[in-house]
Amino acid sequence: MKRSLRQWRVWLLLALALALLGAVMGFGLLNERERIEASELERLNAQTRVIEDNLTRQLTAINFGLQSIQSALPRWQASPQGRLEGQQTLRNLEATMPSVRALAVLDAQGTVTHASRDDLLGRNFFGREYVQEPRKALNPTLLYLSPPFKSVFNDYLLNLTRVMLDDRGRFAGVVSAAIDPSDMALVLNSARYSDDIQAILLHSDGKIFLSAPVLDAAAEQELLAPNAPLGRHLRNQHMAGHAAGAVLFGTDQRLNVMRSVAPEALRMDKHLEVVLTRAREPLLTGWQQDVLMQTGAYLVLVLVSLFGLLLYQGQRTQKIVAAKRLKLATEASGVGIWEFDLLDKSYVWDDNMFALFGLSPKSTSLRNDEWTKLLPAKDLQRMRDATRATIQQDRPFDMTFQIRRADGQVRFMHNRAALYSDEHGVPRRLIGATEDVTQRMAQESELRIAAAAFESNESMLVTNAQAEILRVNQAFTQLFGLTAAEVVGRNPGLLKSGRHEADFYKAMWLDLTERHSWQGEIWNLGKDGVEFPCWLCITAVSDEAGLVTHYVATYTDITLRKAAEDEVKRLAFFDPLTNLPNRRLLSDRLQQAVAKAKREHGRLALIFVDLDKFKPVNDRHGHAAGDQLLQAVAHRLRTCVRESDTVARVGGDEFVVLLASISQAQDAMHVAQKMHAALRVEFQLPVGKNVQISSSAGIALYPDHGLDEAALWHHADVAMYAAKAAGRDQYLVYTPALDHPVP
């Protein structure tokens, strides 16, 4: 009955353990799914921020152009040559803004008085919404964004408009820019890092005018339905009266991110909405495979556990039955038989016992306990504890211990014993057998070493407890070029490369001492003197008493893996065309430079460089010539700065130079002048074309123009656009006046 209860208790514990493990695995899989979806939402959100930044830059540039036209219009109207000057200025502005199809000035009657295209002069657009909406509102501080409308070419256009008032506050006309969304389409499509991503750009009034891939009418209607997420988002934005940044959410089928593009500085009456949406199914393919694999592994574990427990209980039952039926006896020569009387604490030995321990029967006392002096204190205590447990708890007595005989030999003995009780169940004696297992333990140690060291094709070596190399395998010789004869008897320190400090090895041995294992990346030295990285795993081999007898080390050459990791880092932080740092790496270096400047009360400069006349090179000579020109520009810019400075490419033809440490503002001006002059020299391209370009640059200084990265970035950008608006081919230092140009 007692045994049956014990068996049921074991089965219950196994069931609880398996149930707990299943729950942990299920919880882990659910957490992993949530992590995958959250990570993907954040990635989509980051892409919408990139789109927002690009669209904001375009809208800001166009708004700056409209403001400059408003400022210049009174001069054109007052001068006899003003009309021609205005026409030329509008054409120049249109050329600097690729996304603008036309710029026009309309009077109070809606007639075009100035335009970047001659075919628009004299035409009347008074009935258009981009004229009527500003005329009704009469708010000169607003930038009016018209709903998308189809052009004669059957593509969508948008109009950005600013209203003009006369001296009495009456409607005097508008200045307007017709925007071709083709550039926006490029930005939108570049954010699709996977083919199953749907990218959409729509007006806040609910009109979708760009989508990649193209949506059909039914899909658009479904997206904009009042109860659909996008429809609710647009309705809530309209009720709130302003844009509210990004909205991230998932449905049963897709992950969605919606972001409002409405730069606060532009004060737009309407705004744009960016939508990125991706199907869940492709994202969860790997996770679903993990679910199947873990479920299969769990079922296998359950079956193995059930079979193992059945087998264990069957073997245990057999041992109990055998222990009750059989008595200990000498089954082979060399086994000593002994008996311990629990009443008078005396031992009775046969002749084999005396021979095993190297003692003489004539020199023993009545209790015959002189053999206990041959045991180490630790083993003697283990012997006493085991004897006590056998007597008090009826535990099996089975242990191995060490002795040092009088002749100096160190031997290992294996004791087995059974407890015998009288007719009243009172324990009376222990009867046991002792066997010399010294040779067998040596053989088992050899087998453990061989199994640990040579069952793998990995490069391996084995040392003793004193870290002296005992043997190496063929893979070790191939990896290090060292034969067994060259390393046996020596310390593994002969492989040291010299790259690691002493503290590194101290920490390694501390782990080996405490945990009996260590693994990590380490640089080693081959026989040819070449250093290379390895993944090193060291395992301590212990005997039955827990004492370390050997160390087994495995070396894996990770040179190719390190090279692959370095290449991944390079692709993540460097522009693949010019091999310059990209925006991510530049942002990190700028953050560090600002932090250092704050600590040391130093100065730094940020220079935005934008190439003039780059688009005509692409159009005239092809993209291959454009790529070679960008590479040549990158080379010239690097020659103009110090090793400690950073030249980065952050856009198509946009470069940023970080002067991490300068003494005065003139240092930045000197570098800007040097770069400006270098870029004006004619380029001879490998494709056989010679091209001439110029550049427009903006300079922001720390701490003069900002105390953080965002402020410096913004002010350098403002200065650069001001340089382009002022006629290009020049560089400007940021001043607050550039944020709000005087009309």
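The values are calculated or read from the model by the stated rules, or taken from the named source; none is laboratory data. What you see is a predicted model, and the numbers here were worked out from it, not measured in a lab. Note that we place each Cβ from the backbone using ideal geometry, even for glycine, and neighbour counts take in every protein chain shown.
One line per residue, one yes/no per condition, for (1) more than 30 Å from E94 (Cβ to Cβ); (2) among the polar types (S, T, N, Q); (3) at pLDDT 85 or above:
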position	(1), (2), (3)
L5	yes, no, no
W8	yes, no, no
L12	yes, no, yes
V24	yes, no, yes
E34	yes, no, yes
A46	yes, no, yes
E52	no, no, yes
Original post:
Does at least one position in the stretch 123-137 carry a residue that is surrounded by fewer than 15 Cβ atoms within 10 Å (Cβ to Cβ) and among the hydroxyl-bearing types (S, T, Y)?
Top reply: no
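From the list D704, D708, D610, which one is surrounded by fewer than 19 Cβ atoms within 10 Å (Cβ to Cβ) and closer than 27 Å to A572 by Cβ?
Working: D704 fails: closer than 27 Å to A572 by Cβ; D610 fails: surrounded by fewer than 19 Cβ atoms within 10 Å (Cβ to Cβ).
Just one listed residue meets the conditions, D708.
Would you be able to tell me the number of residues in the stretch 57-80 that are buried (at least 17 other Cβ atoms within 10 Å of the Cβ) and polar (S, T, N, Q)? It would help to see each step written out before you state the result.
Taking the stretch 57-80 first, the residues buried (at least 17 other Cβ atoms within 10 Å of the Cβ) are 58-70, 72-73, 76.
Next, only the ones that are polar (S, T, N, Q) stay: 58, 60, 63, 67-68, 70.
Number satisfying all stated conditions: 6.
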Subject >> Members of the stretch 608-618 found to be closer than 23 Å to M669 by Cα and either without any contact (Cβ under 8 Å) to a residue 60 or more places away in the chain or within 30 Å of the chain's Cα centre (by Cα) (or both), listed by number >> reply: F608
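Residue-by-condition table, conditions (1) loosely packed, with under 13 Cβ neighbours inside 10 Å; (2) outside any helix (DSSP H, G or I); (3) touching a His at 6+ places or on another chain (Cβ under 9 Å); (4) at pLDDT 90 or above:
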| site | (1), (2), (3), (4) |
| --- | --- |
| M239 | yes, no, no, no |
| M258 | no, yes, yes, no |
| A265 | no, yes, no, no |
| R278 | no, yes, no, no |
| Y298 | no, no, no, no |
Original post:
What's the number of the condition R642 fails, among (1) loosely packed, with under 13 Cβ neighbours inside 10 Å; (2) in contact with a Pro (Cβ under 9 Å, 6 or more places away or on another chain); (3) basic (K, R)?
Top reply: (2)
**OP:** Output yes when any residue across the stretch 443-461 is loosely packed, with under 11 Cβ neighbours inside 10 Å and at pLDDT 85 or above, and no when none is.
**Re:** no
Original post:
From A102, A72, A78, A95, which residue is modelled with pLDDT of 90 or more, out of contact with any Leu (no Cβ under 7 Å at 6 or more places or on another chain) and small (G, A, S)?
Top reply: A72
Original post:
Being touching a helix residue (DSSP H, G or I) at 6+ places or on another chain (Cβ under 9 Å), outside the structural domain of Q58 (by TED's automatic domain parsing) and not in a strand (DSSP E or B), is that true of even one residue in the stretch 697-704?
Top reply: yes
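Across the stretch 146-162, what is the number of residues that are over 20 Å from G206 (Cα atoms) and touching an Asp or Glu at 6+ places or on another chain (Cβ under 9 Å)? Give the derivation first.
We begin by selecting, within the stretch 146-162, every residue over 20 Å from G206 (Cα atoms); these are 152-153, 162.
Next cut, touching an Asp or Glu at 6+ places or on another chain (Cβ under 9 Å) only: none.
Final tally of qualifying residues: 0.
Could you go through the stretch 27-37 and let me know if any residue there is under 30 Å from L202 (Cβ atoms) and basic (K, R). Full working, then the answer.
Of the stretch 27-37, the ones under 30 Å from L202 (Cβ atoms) are 34, 36-37.
Now narrow it down to the ones that are basic (K, R): none.
No, there is no match, as no residue in the stretch 27-37 is under 30 Å from L202 (Cβ atoms) and basic (K, R).
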Original post:
Looking only at the stretch 425-441, which residues are of a type in the set (A, V, I, L, M, F, W, C) and without any contact (Cβ under 8 Å) to a residue 24 or more places away in the chain?
Top reply: V426
**OP:** Report, ordered by the first and then the second residue, all pairs with beta carbons closer than 6 Å, sequence separation of six or more or different chains, a first member in the stretch 646-674 that is farther than 12 Å from T578 by Cα and at pLDDT below 90, and a second member that is part of a helix (DSSP H, G or I) and of a type in the set (D, E).
**Re:** none
**OP:** Using the structure shown, decide if Y731 is crowded, with 19+ Cβ neighbours inside 10 Å and in a strand (DSSP E or B).
**Re:** yes
Original post:
Regarding R162, is this residue touching a residue at least 24 places away in the same chain (Cβ under 8 Å), in a helix (DSSP H, G or I) and basic (K, R)?
Top reply: no
**OP:** Might you check whether a residue that is of a type in the set (V, I, T), out of contact with any Pro (no Cβ under 7 Å at 6 or more places or on another chain) and at pLDDT 85 or above occurs anywhere in the stretch 467-474?
**Re:** yes
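In the stretch 294-314, what residues are among the polar types (S, T, N, Q) and free of Cβ contacts under 8 Å to residues at least 12 places away in the same chain?
Correct list: T295 only.
So which strands (runs of 3 or more DSSP E) stay within the stretch 452-553 end to end and still have 2 or more residues that are among the β-branched types (V, I, T) and out of contact with any Ser or Thr (no Cβ under 8 Å at 6 or more places or on another chain)?
Working: elements: 459-464, 469-472, 517-525, 531-542.
Because the criterion is at least 2 residues that are among the β-branched types (V, I, T) and out of contact with any Ser or Thr (no Cβ under 8 Å at 6 or more places or on another chain), the strands (runs of 3 or more DSSP E) in the stretch 452-553 that meet it are 459-464.
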Subject >> Failed item, numbered, when N54 is tested on (1) in contact (Cβ under 8 Å) with a residue 12 or more places away in the chain; (2) over 22 Å from Q198 (Cα atoms) >> reply: (2)
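Considering only the stretch 598-614, I want to know if a residue exists there that is in a helix (DSSP H, G or I), modelled with pLDDT of 90 or more and of a type in the set (A, V, I, L, M). Steps first, answer last, please.
Filtering the stretch 598-614 down to residues in a helix (DSSP H, G or I) leaves 598-600, 614.
Subset that is modelled with pLDDT of 90 or more: 598-600.
With the extra rule that they be of a type in the set (A, V, I, L, M), the set shrinks to none.
So far as the stretch 598-614 goes, no, none of its residues is in a helix (DSSP H, G or I), modelled with pLDDT of 90 or more and of a type in the set (A, V, I, L, M).
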Original post:
Residues of the stretch 395-439 being surrounded by 11 or more Cβ atoms within 10 Å (Cβ to Cβ), modelled with pLDDT under 80 and not in a strand (DSSP E or B), which ones?
Top reply: R395, P396
Subject >> Odd one out for E544, checked against (1) more than 30 Å from Q664 (Cα to Cα); (2) outside the structural domain of I469 (by TED's automatic domain parsing); (3) surrounded by fewer than 13 Cβ atoms within 10 Å (Cβ to Cβ) >> reply: (2)
Subject >> Matching residues, the stretch 184-201, being under 18 Å from R49 (Cβ atoms) and either touching a Gly at 6+ places or on another chain (Cβ under 6 Å) or not in a strand (DSSP E or B) (or both) >> reply: M184, L186, V187, L188, N189, S190, A191, R192, Y193, S194
